[in-house]
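The values are calculated or read from the model by the stated rules, or taken from the named source; none is laboratory data. Small disclaimer: the values here were computed from a predicted structure and weren't measured. Cβ placement follows ideal geometry from the backbone for every residue including glycine, while neighbour counts extend to all protein chains displayed.
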Amino acid sequence: MASVTELIGQSVWDSGGVWVGFVVDMRVVKHQGELQQSHTVYGLVVSSRRAPVLLGLTRDRQGRSAWLSRTLARTVYAGCTFVPWANVSDYGDGEVYLDVPRKELNRV
């Protein structure tokens with residue numbers, strides 16, 4: 001499994017070799033009830049523009065989101081694409097490769 005620092009800023013390419021954008025954020029699922037809390041990557045947020053790092057923009061440490069954060073997130077994430085982790089076929093060396101075409105990906 002990839003770490004946040006490994007993926008943020010990498011270029012994303014679809015199955016046909018078409019450039020999708022840069023990884024600007026990650027969506028994770030937090031596993032509770034274990035001795036140590038762990039997280040699993042659920043998907044990547046990809047933007048064609050180099051945006052500032054968006055980590056932690058929408059939620060506080062307790063998992064709640066304020067109305068200002070939600071409004072700001074809608075503005076910043078406009079035009080971004082969500083890539084489910086299951087569609088990532090390979091990553092490394094500054095590149096993320098997908099096993100689906102760009103047109104099958106959803107907007108954030």
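Of the set (1) more than 19 Å from Thr5 (Cα to Cα); (2) over 13 Å from the mean Cα position of the chain (by Cα); (3) at pLDDT below 75, all apply to Ala78 but (3). Screening region 36-55 for residues that are over 12 Å from the mean Cα position of the chain (by Cα), within 18 Å of Arg107 (Cα to Cα) and among the small types (Gly, Ala, Ser) and picking the one that is modelled with the highest pLDDT gives Ser48. Evaluation of Thr58 against the conditions (1) in contact with a helix residue (DSSP H, G or I) (Cβ under 6 Å, 6 or more places away or on another chain); (2) at pLDDT 75 or above shows that the sole unmet condition is (2). Picking from residues in region 16-31 that are outside any strand (DSSP E or B) and of a type in the set (Gly, Ala, Ser), the one that is surrounded by the fewest Cβ atoms within 10 Å (Cβ to Cβ) is Gly17.
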